[in-house]
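The values are calculated or read from the model by the stated rules, or taken from the named source; none is laboratory data. What you see is a predicted model; the values in this text were computed from it and never measured. Neighbour counts run over all protein chains shown; Cβ positions are idealised from the backbone, glycine included.
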Amino acid sequence: MRKLLIAGNWKMNGGAEFTSDLLSAIKNQKPTISEEVDVLVCPTFVSLSMAIDQLHESDILVGAQNVHEAEKGAYTGEISASMLVEAGCSYVLVGHSERRAYYHEDDALVHKKIQTALAHELSPVVCVGELLAERKEGRHFEVVKTQTLAAFEGLSDEQVVQIVVAYEPVWAIGTGETASPEQAQEMHAFIRSILAEQFGDVAQAIRLLYGGSMKPANAQELLSRADVDGGLIGGASLDAESFVSIIEIAESLSTKTIEPNPSSTSEV
Ligand code: PEP
């Protein structure tokens, strides 16, 4: 049984006041957060400490949106893994498509960031996903396979189970367009099959989130798929009511039994 994870990526939206108001609004909705569901918010760096203070004694976890691959040093403007841990973060997003596109983060750099995060016991949420053109050319499985294998290369079983993968088709991020539940399940089963080839049964314990315009209206259908173990949510996580609705949907599905998927053995 994999615990569902509902994660909000707040991107570069709002400073401390915005973060505080949004967290208060989320807490005011009194979401049920059971042992079966993890809830994570990823505010901007400058709001992390405040968010962690405000969420003290709540069941909501806090993560960062990025981490530098080096331990420390002359990297003006960057934030290290130890700083994130000291602030109280337990997760960090790595390789989000916006970072891959705008900051030229490639698979090798994403892998280094994963290693650094793991060395500090920060769980990486590794984002993979194809561009629209790549899907149209029928290359989506190949692209996601390359990204996934590079991310997990050379890691031990103990490290691998700390990692969460977020499948985020780039054409669905912030566009209002969502992968269909069938497309999401197909890719998630494929990712799990790649991980199973590398790591055997350990792959069954790795959580695979879907990201790309998830909202209350489509969350139920997406989250009820066998290999969809949660969501990475951008736009809808900036609205307390929508985010809490998605948490409640996850809670209602949290007892779903996850059967090993026969298609998880498919090959590209
Ligand atoms: C994201 O940026 O990770 C994301 C999934 O955004 P949105 O939900 O807005 O598509």
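Scanning segment 192-220 for residues that are aliphatic (A, V, I, L, M) and either part of a helix (DSSP H, G or I) or modelled with pLDDT under 95 (or both) yields I194, L195, A196, V202, A203, A205, A217, A219. Cβ-Cβ distances below 8 Å connect the following pairs, each with a first residue in segment 1-23 that is more than 26 Å from Y167 (Cβ to Cβ), a second residue that is in a loop (DSSP other than H, G, I, E, B) and within 13 Å of the ligand (Cβ to nearest atom), and a separation of six or more residues or different chains: T19/W10. Answer with yes or no whether A87 is within 16 Å of the ligand (Cβ to nearest atom) and surrounded by fewer than 22 Cβ atoms within 10 Å (Cβ to Cβ). No, not satisfied.
Within segment 192-211, restricting attention to residues that are hydrophobic (A, V, I, L, M, F, W, C) and within 16 Å of the ligand (Cβ to nearest atom), the residue that is nearest to L149 (Cα to Cα) is L208. When K3, K30, K11 are checked against the criterion of being charged (D, E, K, R) and either in contact with a His (Cβ under 9 Å, 6 or more places away or on another chain) or within 16 Å of the ligand (Cβ to nearest atom) (or both), K11 stands alone in meeting it. When you check K145 against the structure, is it outside any helix (DSSP H, G or I) and among the basic types (K, R), yes or no? No. When the strands (runs of 3 or more DSSP E) confined to segment 1-108 are screened for residues that are farther than 25 Å from T146 by Cα, those reaching at least 1 such residues are found at 4-9, 37-42, 60-64.
Counting the residues of segment 151-191 that are away from the ligand (no atom under 16 Å from the Cβ), hydrophobic (A, V, I, L, M, F, W, C) and in a loop (DSSP other than H, G, I, E, B) gives 3.
Here is a yes/no grid of residues against (1) closer than 20 Å to I60 by Cβ; (2) surrounded by fewer than 23 Cβ atoms within 10 Å (Cβ to Cβ):
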position	(1), (2)
S193	no, yes
F199	no, yes
A203	no, yes
G211	yes, no
A217	no, yes
S224	no, yes
A236	yes, yes
E251	yes, yes
S254	yes, yes
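Answer yes if at least one residue in segment 164-174 is over 18 Å from the mean Cα position of the chain (by Cα) and hydroxyl-bearing (S, T, Y), and no otherwise. No, there is no match, as no residue in segment 164-174 is over 18 Å from the mean Cα position of the chain (by Cα) and hydroxyl-bearing (S, T, Y).
When the residues of segment 107-136 are filtered to those that are surrounded by fewer than 22 Cβ atoms within 10 Å (Cβ to Cβ) and among the basic types (K, R), the one that is farthest from A184 (Cα to Cα) is K112. Within segment 221-241, being assigned to a helix (DSSP H, G or I), of a type outside the set (D, E) and more than 11 Å from the ligand (Cβ to nearest atom) holds for L222, L223, A240.
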